[in-house]
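Chemist: Sending over a structure as structure tokens; questions will come in a sec.
Read-outs throughout are calculated quantities, based only on the coordinates presented, and are distinct from any laboratory measurement. Bear in mind that the values here come from a model prediction, so they are computed numbers and not experimental data. Don't worry about glycine lacking a Cβ; one is built from the backbone with ideal geometry, like all the others, and counts go over all protein chains shown.
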Amino acid sequence: MKYETQKIAYQYFVAATLLFGLQVIFGLITGAKYVWDYDPLMNIIPFNTSRAIHMNLLVIWLLIGFMGGTYYLVPEEAETDIYSPPLAVFQLYLFVGIGVAAIVGYLAGWSWGMPFLEQPTVLKFGIVIVALIFLFNIFMTMMKTRKWTVIQGVLLGGLVMLALLFLFGVFFVRNLSTQYYWWWWVIHLWVEGAWELVAGAIIAFILLKLTGVNRELVEKWLYVEVGLVLFTGIVGTGHHYYWIGTPSYWLWFGGIFSALEPLPILFMVIDTLRDVREKKIEITNRIALYWAVGSAAMHFLGAGVWGFAHTLPQINKWTHGTQVTASHGHFAFFGAYVMINLTMIYFAVPRMTGTSMKEHGRSLIALRLMVLSIFLMVLALGVAGVVQAYLQRVLGMDYLTTQGYMKLWYAVMWVSGWGVVTGVFTYIYDFFSMGRPSGVTA
Amino acid sequence: MTLSQGKAIFIWGTVISAVIFLGLTYDSISKMPKRTHEENLSDQVADGKWTWQRYNCNDCHTILGIGGYYAPDLTKVMSRRDPQWMSRFLKDPHKVWPAKRRMPNLHLKDDEISDLVAFFSWVNGIDTNNWPPKPITVAAAVGTTMPGEAVFKAQGCSSCHKLNGMGGDIGPDLTHVGSRRSAEWIRQQLENPKSHFPDSPMPSFAKLSPKEMNNLVDFLSGQK
């Protein structure tokens, strides 16, 4: 670590880690409702509330992780301290406060009611303010030295795109189809656009520092990767426009472009492995390397392969709106974004605290537990989804009867959920055992 | 490849995709009013949409295939249920449909219920490119169906009753009902379920026209 203000990132990582723990607990609560018909929590935390909390916590902690990663990365790239450390801390507290208000609100039945964007409008404006403070602080830091590296440019581009797209999810639209049209600009263009840029920049930075490969090599391929991500991902939004009231030409555009979406991800896997092979320095933090390589592989499997499996309209016609989507969602978010956040944390925290990563075998236990359990969970959800698509869509069985035939797979999903939770809490324990940077109290 | 070639791929890849996407977006948005019969999107439908959002229905139910997977998709629900049934159900879900997986009673007000029913009826008419697809087995049977079978489907009987292995298990299996019950008994059960079973959750179908009722009774009593 070169700059004192990089330590701000640690507080973000603490918040992200704790919210991650809470998120998976709500995952267990939500999953249990599928396994047992009788729901003792029905009047306190009904399914819709626990699902909303599970999903919102995911998005909040991933965003906080990205912000922390950005505060860590930008000083090194820009070669200067963060423009305003107090603003960065204030922004974190404001964001966590809004997150807590949203969750308490859901428990009290206060909701805006569009999936993932359930935050009431007043809180959404709060989120916009958080994003503006963040962008301002990052932009001003970059402007101090004006060292426009490609990593910084891609990161800033991703963050601006992220903030702008959120605006498409703020307003009430009378027409449900049109509302969903714009809703996907937030949901899809975030995860298959803006977030990929942020994650791509972060992983490029980590690989650069870990392996010591030539910067020009890393940046050249970063350009190609994000170019392909955006080329396939922007029109690829069309795979969400098959059945929502939009014209039928989306079946062609969505099908073709989204079928290409695994390519840039495969590219990232090859790129990561090449950087590791061509390393110029001895990799001392092998834990971060394992997470980075694991992330590339799981990103490809979860987002690329699992996504491709049901993205063509001929298949999606049967699987749309079934647990197949839930299987893909869990796999993709874990592989692409959870693991990248943890890679960043395992890269940055030892550099801030001076901890030697040689003794952190516990991190690898957490990694293996999470990966294996998630894999089992998405297989179970995938089988449940195929059973559902066959019985409900092909044979015409009614929805609730179908659910009875899926019970076994829900049970497997829930048991593997406990594996995920164990992995996550192993990680949380390991995170705090890395100590805290000197001078940071939070 | 050089850095500037990589940069060119990034810029052109993004620009080409964005131009195609924005062009299609312009066209899609201009076609939406027709595809979603917007002329029928009344204030009541919009109020219903807001009620749908306010109670966070979408995190249990999917609509247009999007949302929670805990409860049935509601895109074409009004093709399967009539408005009176829907209103009764929304008033007290468990009483009307005592399924094992429960929907909580949201204590909706009467105007919220009628707004929701208007909203679902409007959603039902959206052109979804034929999604959800017609089940293959049912699709294969088209053309050989008895008139009573159409009534059986339209009234959503199979949500509670099984017939030839398909359907719900809230009410009795009707696969061989014709060999157990007379046509008259079936007619009375349809008109006034409580006359046979005072605690029956089954709604009365006395609202059916005489022709529909005759067809349904013929169909059911033929299930031997």
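Chemist: If you average 1/r across every pair of different Cα atoms in the stretch B:1-66 and take the reciprocal, what Kirkwood value do you get, in Å?
Modeler: It is 15.8 Å.
Chemist: Given the DSSP H assignment, sum -39500 (n - 2.57) over each helix run of at least 4 residues in chain A and divide by its residue total; what's the result at 222 nm in deg cm²/dmol, nearest 500?
Modeler: Calculated from helices alone, the mean residue ellipticity at 222 nm is -24000 deg cm²/dmol.
Chemist: Sort the stretch A:327-442 into rounded, prolate or oblate with this rule: let a ≥ b ≥ c be the square roots of the eigenvalues of the Cα gyration tensor; rounded if a/c is under 1.5, and if a/c is not under 1.5, prolate when a/b is larger than b/c, oblate otherwise.
Modeler: prolate
Chemist: Also, quick follow-up: Let me see the pair-distance distribution of the stretch A:233-275: every alpha carbon pair, 5 Å bin width, integer percents in order.
Modeler: Each 5 Å bin holds this share of Cα pairs: 6, 25, 22, 15, 11, 9, 7, 4, 2.
Chemist: For the stretch A:32-83, how big is Rg over Rh, using alpha carbon atoms and the Kirkwood form of Rh?
Modeler: Taking Rh as the inverse mean 1/r over Cα pairs, Rg/Rh reads 1.38.
Chemist: Among B:ASP199, B:ASP218, which comes first, second and so on when ranked by fewest other beta-carbon atoms within 10 Å?
Modeler: B:ASP199, B:ASP218
Chemist: Under the √(5λ) rule applied to the eigenvalues of the Cα gyration tensor, what semi-axes describe the equivalent ellipsoid of the stretch A:60-177? Give them in Å, descending.
Modeler: Sorted largest first and rounded, they come to 30, 16, 10 Å.
Chemist: Same structure again: At q = 0.12, 0.14, 0.24, 0.25 Å⁻¹, what is the base-10 log of I(q)/I(0) for the stretch A:159-230 according to the Debye formula with one equal point scatterer per Cα and no solvent? Please give it to two decimals.
Modeler: Each listed q maps to, in turn, -0.43, -0.53, -0.99, -1.03.
Chemist: If you take all C-alpha pairs in the protein assembly as shown, what percent of them are over 31 Å apart?
Modeler: 55
Chemist: Okay, next question. Running Debye on the stretch A:223-302 with equal point scatterers at the Cα sites and no solvent, what base-10 log of I(q)/I(0) appears at q = 0.26 Å⁻¹?
Modeler: Log10 of I(q)/I(0), two decimals: -1.14.
Chemist: Still on this structure: Work out the P(r) tail for the stretch A:298-353: percent of alpha carbon pairs separated by more than 16 Å, whole number.
Modeler: Considering the stretch A:298-353, 51 percent of its Cα-Cα pairs are separated by more than 16 Å.
Chemist: If you take the alpha carbon radius of gyration of the stretch A:29-119 and divide it by 2.2 N^0.38 Å, what ratio comes out, to two decimals?
Modeler: That ratio works out to 1.43.
Chemist: In which sequence would B:LYS7, A:LYS7 go, from the one with the fewest C-beta neighbours within 10 Å to the one with the most?
Modeler: B:LYS7, A:LYS7
Chemist: Of A:ILE428, A:VAL130, A:GLY200, which is farthest along the charge dipole of the protein assembly as shown in the positive direction, counting Lys and Arg as +1 and Asp and Glu as -1 at C-beta?
Modeler: So the residue furthest toward the plus end is A:ILE428.
Chemist: In Å and on Cα atoms, what radius of gyration and Dmax does the stretch B:92-224 show?
Modeler: 16.6, 44
Chemist: A further question follows. Need one number: convex hull volume per residue for the stretch A:91-242, Cα atoms only, in Å³.
Modeler: Cα-based convex hull of the stretch A:91-242, divided per residue, equals 128 Å³.
Chemist: Let me ask another. At a Förster distance of 60 Å, what's the computed FRET efficiency of B:ASP199 paired with B:LYS34, Cβ-Cβ distance as r, to 0.05?
Modeler: After rounding to 0.05, the efficiency reads 0.80.
Chemist: Moving to a separate point now. Over 5 Å intervals from 0, what percent of Cα-Cα pairs in the stretch A:254-374 sits in each interval?
Modeler: The calculated distribution, bin by bin, is 2, 11, 18, 19, 17, 13, 9, 6, 4, 2, 0.
Chemist: Then there is this: Net charge around B:LEU41, counting only other residues with Cβ within less than 10 Å of its Cβ (Lys, Arg = +1; Asp, Glu = -1)?
Modeler: Net charge in that neighbourhood comes out at -1.
Chemist: For the stretch A:165-278, what is the Kirkwood hydrodynamic radius in Å, using each pair of distinct C-alpha atoms?
Modeler: Every distinct Cα pair counted, the radius reaches 15.4 Å.
Chemist: Continuing with the same structure: Just report the Cα centroid separation between the stretch B:78-137 and the stretch B:30-67, whole Å.
Modeler: 13
Chemist: Enter the Cα centre distance for the pair the stretch A:10-28 and the stretch B:148-224, rounded to the nearest angstrom.
Modeler: So the separation of the two Cα centres works out to 52 Å.
Chemist: Is chain B rounded, prolate or oblate when judged by the Cα gyration tensor, a ≥ b ≥ c being the square roots of its eigenvalues, rounded requiring a/c under 1.5 and prolate requiring a/b larger than b/c?
Modeler: Prolate, since a/c reaches 1.5 and a/b exceeds b/c.
Chemist: Mind running the shape call on the stretch A:364-406? Use the C-alpha gyration tensor, a ≥ b ≥ c as the square roots of the eigenvalues: rounded below 1.5 for a/c, prolate if a/b tops b/c, oblate otherwise.
Modeler: Prolate is the answer for the stretch A:364-406, as a/c is 1.5 or above and a/b outweighs b/c.
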